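Below is one structure, written out as structure tokens, with a few remarks after it.
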Amino acid sequence: MGYNATPSHDVHIKVAAHLAGLGFIGHNTQVITSEYGPRVRWIAVLTDAELEPDEPYAHDLCAEQPRCQERSICVKSCPYQAIIPGPSQGVAPGEKVIRDKCVVAHKFDKDLEDKWAKHFQQISNFGFVSCTICNLVCPYGKADG
Ligand code: SF4
Ligand code: SF4
């Protein structure tokens with residue numbers, strides 16, 4: 001007998017990844033792993049298959065990261081001081097980053113100011129990448145991390 005399974009966007013993916021033991025929600029609000037840092041992409045699948053549940057991720061990777069002891073690298077790297085210092089886990093979604101200060105919140109601005117525009121990279125006629133500085137600096141998963 002087969003099982004039903006379907007991808008779902010109706011799951012808080014960061015919380016699900018943590019509870020499934022796959023990673024830790026870092027100070028940059030991304031789910032990070034010890035091997036790849038925030039350089040991972042997540043998808044949730046809803047299924048009626050009977051699965052053995054995992055334990056939540058047990059490590060505080062930010063507290064364990066030697067290079068973030070004095071100050072979180074992701075927090076201090078943000079050019080607009082948009083990230084509120086401290087843990088992300090347990091903080092209500094949307095309350096860890098000051099939205100108006102973050103480049104990503106301005107991606108659809110009608111008259112995009114230069115200070116935001118310089119952090120967007122057009123990669124095709126149809127797509128662009130916005131600021132990812134606070135992800136790229138995370139030592140986990142970096143070649144020199
Ligand atoms: S995406 Fe850029 S602007 Fe937004 S919090 Fe991260 S570093 Fe700051
Ligand atoms: S840069 Fe440091 S504090 Fe920020 S998510 Fe990575 S390990 Fe955590």
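Listed as lacking a disulfide-compatible partner in the chain: 62, 68, 78, 102, 131, 138, by the criterion of no other cysteine Cβ under 4.7 Å. Using the average count of surrounding beta-carbon atoms within 10 Å as a protection proxy, the listed peptides 68-80, 15-27 rank, highest first, as 15-27, 68-80.
Shown here are the Rg and Dmax of the Cα trace of the chain, at 17.2, 58 Å.
If you wrap the stretch 82-125 in the convex hull of its Cα atoms and look at it from every side, the mean projected area works out to 4.3 nm². Ranked from largest, the principal axis spans of the Cα set of the stretch 1-83 equal 54, 25, 16 Å.
Post the alpha-carbon centroid distance, the stretch 67-82 to the stretch 85-145, in whole angstrom. Taking the Cα centre of the stretch 85-145 as reference, the centre of the stretch 67-82 is 13 Å away.
No lab work stands behind these numbers, since they all come straight from the coordinates. Fair warning: this is a prediction, and the values are worked out from it, not measured in the lab. Every residue, glycine among them, receives a Cβ derived from its backbone with ideal geometry; neighbour counts consider all protein chains shown.
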